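The values are calculated or read from the model by the stated rules, or taken from the named source; none is laboratory data. From a predicted model like this one, the values you see are computed outputs, not experimental measurements. Positions of Cβ are backbone-derived with ideal geometry, glycine not excepted, and every protein chain shown enters the neighbour counts.
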Amino acid sequence: MGEVYLALDTRLGRKVALKLLPAKPDHSIERTKRFEREAHAASSLNHPNILTIHEIGEADGHRFITSEYVEGESLRQRLRRRQMGLLTVVDIASQIASALSAAHEAGIVHRDIKPENIMVRKDGLVKILDFGLAKLVENDWTNDSEEIDRDAPTQTLTITVPGRVLGTVAYMSPEQTRGPNVDARSDIWSLGVVLYEMITGTAPFHGDSRSDVIAAILKSDPTPLSHFSPDVPPELERILMRMLAKDRSARYQSSHDVLFSLKELKQELEIRARIGSPHAVTVSADHRVNGAARGLMAAGPTGTGLGTNTAKQSSVITVKSLVSHIGQHKKGWLWTFFIILIGISAVAYFTRSTPATPIDSLAVLPFSIEGVDENLEALADGFSESLIDRLSQSSQLSLTARASSFKYKGKQIDPQQVARALGVQALVQGRAVQHGNELLFRVELVDTRTMRQIWGNSYSPKVADLEQVAADVAREIESRLHKSPSLEQTGANVGLTDEEAYMLYRKGRYSSNKLTREGQDQSIEFYNRVIQKDPRFALAYSGLATSYIILGANYLPPSENFAKARTYALKALELDDTLAEAHLALATAMVTEWNLFGAEKETSHALELNPNLAGGYSLRGVLSLAHGQPNEAIRSFTRALELDPFSFIFNMHLATAYYHARQYDRSIEQLNKTLIVEPADPFFYEDLCSVYAQMGKFEDAVAACKKGLESQPESEGLISTLGITYARWNKDADAERQIGALKQLGKKKFVQSYLVALIYANLGKNDQAFPMLEKAIQEHSWQMFRFVRIDPALDRIRSDPRFEPLVRRVYNQ
């Protein structure tokens, strides 16, 4: 359907792939529209394993698409030229599944997955090409005979014609060969065919003609993998056969589930490789075989460990069950006190209950305490936070972030109402009591759908043992909810052995969580005292990094404080590279350094370590805005809000993403939702003013800005936004006054030059705007880095020939 050339983008000085539809008379309107659909489908996706589309256009009667140029080879070429170890095969399949998962979530089915449409770069990164057969699908797959709405606005993406077959026949699903509408499960089948071919060196379905191949797809079963090699893991066979189930209702129902299974298999193969198996499975370069291909061969001591002896050995490596952590030296009077305190609920410790239906969402509420004791409060909050930190690492649970669950601190609650507000099925609640030097913690896990207690226990730990107890409790909770817990057993010393140092650390976290300037200063003092006692305690360095991030983002000059955050984050990771929060702090610091690649890498690492890290999704959204991809940012901020629904900043970020996507009505709607979360503050009014100004509602915009300035008269963001509004309203003198106000304010504190440039840009004074943008580059302006590619406030100067070179300098292109 097109011709592809290697080309040079002379404007940006980069190699690109140029795909065009030749201007021939026999090219139908349908073919032209299909060509356009390819560009729109692929360009709507943002994923490292999906080809990036740069531009779609028409020149001299030719429709064209420019995309990134991928240096490497197609998977077909790779299969012909070299052998691949099974770990490599599973890794490639996992990357394809990851790309399809992103596409399917966006409602796009590829419909032509085959080795020719899969590129493998020299560094092993996989890229999916050619969304020319993509189709927008309905989320509901239960009614395959549903009528197509011919008037729907998305109809341009629907290309199925009754009785017509599109795609490459050997990789088609059974339903695709019949020609009716297909969904994401068809791509899963095609990936199964590709995976089978990578493993065996031959296709699972053969025939001398197109009709014979279709008949085999509909009626025949593929030759089992064990026929090619006895060393093929049974789990791989199970995954593949499920992908190639002829009845799509028996297939994997989502590519995300395929990805999860492949990742689990890859981890198992890596474990076997580490314990030194002499066996491996590779794919033969020889495809000239009859019937059963001899594609699986032994490869030497660096393989993946798939021998039968290894399989037996690996089955011995299991996570041992844990014994409840209860102290043996409690005094009788203390037990009496505790029993009186908690009453008959202590009996629930002996109750073992299993939820009637699976629970996959959970919130840990702050533990209550007796009386007013800041030390005990810090310990109780710390214990709740540790549970959140540990449970959020579970791959099987969606966990509400601390900021939202701690909204209920010190309040009388209705558990079912709280669960509904947080969107969870279960709650973890607790109580902490201290008498003298003795601590008592009571923990309960409650199914809020039925109000039945699933599990409960009591602990009497030493202060220095609280982290270990939190680890034990987290594993116990996950084991109560899932038969195969994902949380690993930790060693005995997961915290500080020095009780005073641990108390100081908890006070540091407690102070930092206040989010005030004073709180950060106090937390830094506490963390430094911890480090004096134990210079190798990684969590204290991570805490310092977080405190300096908060200071730099809100109270003090960014460059100095973010540099400190980077230093402490690196130190924390040097001591313990499994700290997701330290990776996130490092990523945030890298954003201020305009290191987009490094920030993306660290953010991804943080989310791998903690898939429930709401701040990770939020920063990923920020990075998507920097890439000029507001729709992807919307998805990331939405996920952050699912994990932390009461976060004011995440709510505001989502409104900002809608604004930069030019979805102004949606932005206003989200801002109104934000008001429910927290009373309006200057950031709210600044965003509201920006949206109204772009909508041309200038009076409303000015009113919003002035309302915010009543409480924050020296807010540079509000002053700049007010200036932009006046400029767009053609009130140039008023706009100039705001520029003067910003320059005057700059004598008292740091004001980003980017904010001044925005007013000049809307006044049409390009010669004044560009020097300020140049100055913003020198300042490494945080806002410029995030928004310069897509900021609506810069639309009036984007056609200026100075603009694109400036953007390239910001992103080092």
remark   = If you go through Gln434, Gln393, the only one that is within 29 Å of Gln522 (Cα to Cα), assigned to a strand (DSSP E or B) and of a type outside the set (Ser, Thr, Tyr) is Gln434
ask   = Among the residues of segment 184-193, is there at least one that is more than 14 Å from Arg242 (Cα to Cα) and in contact (Cβ under 8 Å) with a residue 60 or more places away in the chain?
value = yes
Where a residue in segment 722-735 is without any contact (Cβ under 8 Å) to a residue 24 or more places away in the chain and farther than 15 Å from Glu699 by Cβ and its partner, wherever it lies, is among the hydroxyl-bearing types (Ser, Thr, Tyr) and surrounded by 15 or more Cβ atoms within 10 Å (Cβ to Cβ), with Cβ under 9 Å and at least six apart = Ala733/Tyr726
query = Based on what the data block shows, is Asp687 of a type in the set (Asp, Glu) and buried (at least 23 other Cβ atoms within 10 Å of the Cβ)?
reply = yes
request  = Please work out which residue is surrounded by the most Cβ atoms within 10 Å (Cβ to Cβ), limiting yourself to segment 48-65 and to residues that are without any contact (Cβ under 8 Å) to a residue 40 or more places away in the chain and in a loop (DSSP other than H, G, I, E, B).
outcome  = Thr52
Test result for Ala606, surrounded by 24 or more Cβ atoms within 10 Å (Cβ to Cβ) and modelled with pLDDT under 90 = no
query = For residues in segment 718-774 being part of a helix (DSSP H, G or I) and aromatic (Phe, Trp, Tyr), which is nearest to Phe803 (Cα to Cα)?
reply = Phe770
inquiry  = So for segment 443-461 (the condition being in a helix (DSSP H, G or I), within 24 Å of Glu500 (Cβ to Cβ) and more than 33 Å from the chain's Cα centre (by Cα)), does at least one residue qualify?
reply    = no
message = Can you list residue pairs whose Cβ atoms sit under 7 Å apart, with the first residue in segment 538-555 being closer than 11 Å to Glu581 by Cα and the second being in a helix (DSSP H, G or I) and among the charged types (D, E, K, R)? Count only pairs 6 or more apart in sequence or on different chains.
response = Tyr541/Lys571; Ser542/Glu581; Gly543/Arg509; Thr546/Glu581
task = Quick one: Ala693 ticks every box in (1) small (Gly, Ala, Ser); (2) under 33 Å from the mean Cα position of the chain (by Cα); (3) surrounded by fewer than 20 Cβ atoms within 10 Å (Cβ to Cβ) except a single one, so which number is it?
result = (3)
query = Of the conditions (1) of a type outside the set (Ser, Thr, Tyr); (2) in contact with a Lys or Arg (Cβ under 9 Å, 6 or more places away or on another chain); (3) part of a helix (DSSP H, G or I), Lys707 fails just one. Which one is it?
reply = (2)
ask   = Any idea which residue in segment 434-452 is modelled with the lowest pLDDT, counting only those that are under 25 Å from Asn375 (Cα atoms), of a type in the set (A, V, I, L, M) and out of contact with any Lys or Arg (no Cβ under 8 Å at 6 or more places or on another chain)?
value = Leu440
query = Just for segment 738-797: of the residues that are of a type in the set (Val, Ile, Thr) and either free of Cβ contacts under 8 Å to residues at least 12 places away in the same chain or surrounded by 20 or more Cβ atoms within 10 Å (Cβ to Cβ) (or both), which one is nearest to Phe562 (Cα to Cα)?
reply = Val751
ask   = When you look at Asn612, is it of a type in the set (S, T, N, Q) and in contact with a strand residue (DSSP E or B) (Cβ under 6 Å, 6 or more places away or on another chain), yes or no?
value = yes
message = For the structure I just gave you, tell me whether Tyr685 is more than 25 Å from the chain's Cα centre (by Cα), part of a helix (DSSP H, G or I) and without any contact (Cβ under 8 Å) to a residue 40 or more places away in the chain.
response = yes
ask   = Name the pairs whose Cβ atoms lie under 6 Å apart, with the first residue in segment 451-465 and under 27 Å from Ala378 (Cβ atoms), the second in a helix (DSSP H, G or I) and β-branched (Val, Ile, Thr), and 6 or more positions between them or separate chains?
value = Tyr459/Val469; Pro461/Val469
message = Restricting to segment 66-81, name every residue that is of a type in the set (D, E, K, R), assigned to a strand (DSSP E or B) and at pLDDT below 90.
response = Glu68
query = Quick check: is even one residue across segment 594-606 outside any helix (DSSP H, G or I), in contact with a Phe, Trp or Tyr (Cβ under 6 Å, 6 or more places away or on another chain) and not charged (D, E, K, R)?
reply = yes
ask   = Could you list, in sequence order, the residues of segment 529-572 that are surrounded by 22 or more Cβ atoms within 10 Å (Cβ to Cβ) and not in a helix (DSSP H, G or I)?
value = Phe537
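Condition check ((1) surrounded by fewer than 21 Cβ atoms within 10 Å (Cβ to Cβ); (2) over 25 Å from Leu643 (Cα atoms); (3) small (Gly, Ala, Ser)) across all residues:
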{"position": "Val428", "(1), (2), (3)": "no, no, no"}
{"position": "Arg431", "(1), (2), (3)": "yes, no, no"}
{"position": "Glu438", "(1), (2), (3)": "yes, yes, no"}
{"position": "Phe441", "(1), (2), (3)": "no, yes, no"}
{"position": "Arg452", "(1), (2), (3)": "yes, no, no"}
{"position": "Lys462", "(1), (2), (3)": "yes, yes, no"}
{"position": "Asp465", "(1), (2), (3)": "no, yes, no"}
ask   = Taking segment 573-597, which residues are within 23 Å of Glu779 (Cα to Cα), surrounded by fewer than 23 Cβ atoms within 10 Å (Cβ to Cβ) and among the β-branched types (Val, Ile, Thr)?
value = Thr592
